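Inspection log for the structure reproduced underneath, given as structure tokens.
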Amino acid sequence: MSSNCKFTKSFHSKTKYITFAGNKSERQMEKSGWAVIVNPKAGSGRGLADWPVISNAMFRSGLEFVCYFTEHKYHTVELTVSAVRDGYRKIVAVGGDGTLHEVVNGIFLQQYVPADSITIGVIPTGTGNDRARGAGLHSGYAGAIKALCECSTKLQDAGVAEYTESGVRHTRYIINAAGAGFVALVNSKYNWLKDEGKRGRWLYIYSKIASLFRYRAGRYMIKADGKRVFKGRLFVASAGIGVYSGGGLIALPDAQFDDALFDLLVVRMTWRLRLMFLMKELQKGNGLKSKKVLRIKASEIVIESYPGGKVELDGEALGFLPVRLKIIPKALRFVELSTEGQHRQQ
């Protein structure tokens, strides 16, 4: 169910006092503006380079906001928790899928207000921008800023992932897709190159090509809602809420943000030339009827492998299999394009 919110054009925030359930004696001022979290390294530095253009457009649109720049990995999570603690209930991620992923995890981590009471916006400046692409917010900054001004919101699903890192089980929340097999290897390579200080639009393409020839298929088992649906050598497994993954790959064309289900795509291992052709077809939204492709909908998915393989969450290679994915229906409130804006995008 959509709702509309209004903004003041003044930079002096309107405030009201709220009481947190966790501590009735604690009172906090709720601010009316947006907390904008900018990842300056997103999109090979586009987050920083384009921020003057973005901020000027937001100012001219009459949006009330403060901005914070991330300084290191997971800093976005910290800034999100701090923004909510300081009274902000509307948060914008300026960056890619990884930035938005950390904002969402910060929202679930904070204990001040229910997660679905916080409005989430996105201005995509990343490399893939798959979550924004699926929401129709990827074609220029003007549309994303107009969506913030109109502030039409909708409750959408999230996923929770339980996986292993350094022998310890971890929990993270996802808002687009989780993957295993080839896609996890690509993101692991890509993230490593970024951590080494490499930049450039070619980086993800290079990671794909290098990983294609390095990938060795292990033995995988996948369960969907408790039933085994796959066992064998696997090329890709992708479970998602959004249509796009892998930097524009239309892996899950029937996925919806609010149907309380993951869409699961499984591509069986085959010879590499055929896989290259299949990847090209998936980029265009084709190839889904191939005998090598399995598609399922489920609310809970478990992926295991031998030997243990990597897992990626929203484009971030974070740990190792096995991974258990559970859907959380209508857990987060996202800004979406108005009906008029959707028609213009089409």
Taking the stretch 248-293 only, how many residues are at pLDDT 90 or above and of a type in the set (S, T, N, Q)?
1
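Per-residue answers, yes or no, for (1) part of a strand (DSSP E or B); (2) closer than 21 Å to Thr270 by Cα; (3) in the same structural domain as Ala180 (by TED's automatic domain parsing):
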| site | (1), (2), (3) |
| --- | --- |
| Gly197 | no, no, yes |
| Gly200 | no, no, yes |
| Leu212 | no, yes, yes |
| Phe230 | yes, yes, yes |
| Leu234 | yes, yes, yes |
| Ala237 | yes, yes, yes |
| Val243 | no, no, yes |
| Asp254 | no, no, yes |
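Mind listing just one residue for me: the one in the stretch 152-208 that is among the basic types (Lys, Arg) and free of Cβ contacts under 8 Å to residues at least 12 places away in the same chain and, of those, farthest from Val236 (Cα to Cα)?
The qualifying residue farthest from Val236 (Cα to Cα) is Lys198.
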Could you tell me whether Glu71 is over 18 Å from Cys151 (Cβ atoms) and not in a helix (DSSP H, G or I)?
yes
All positions within the stretch 162-185 that are over 27 Å from Leu212 (Cα atoms) and of a type in the set (Phe, Trp, Tyr):
Tyr173
Taking the stretch 229-275 and keeping only residues that are among the polar types (S, T, N, Q) and over 17 Å from Pro322 (Cα atoms), one is left with Ser245, Gln256, Thr270
Can you pull out every residue in the stretch 214-228 that is in a strand (DSSP E or B) and either under 14 Å from Asn187 (Cβ atoms) or without any contact (Cβ under 8 Å) to a residue 24 or more places away in the chain (or both)?
Lys227, Arg228
Exactly one of these conditions fails for Val311: (1) over 15 Å from Ala217 (Cα atoms); (2) touching a Gly at 6+ places or on another chain (Cβ under 9 Å). Give me its number.
(1)
Taking only pairs six or more apart or across chains, which ones have beta-carbon atoms under 6 Å, a first residue in the stretch 255-266 that is over 17 Å from Asp130 (Cα atoms), and a second residue that is β-branched (Val, Ile, Thr)?
Ala260/Ile327
Given (1) in a loop (DSSP other than H, G, I, E, B); (2) of a type in the set (Ser, Thr, Tyr); (3) closer than 25 Å to Ser238 by Cα, where does Tyr112 come up short, assuming only one miss?
(3)
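The values are calculated or read from the model by the stated rules, or taken from the named source; none is laboratory data. Small disclaimer: the values here were computed from a predicted structure and weren't measured. Cβ atoms come from the backbone with ideal geometry, glycine included; neighbour counts cover every protein chain shown.
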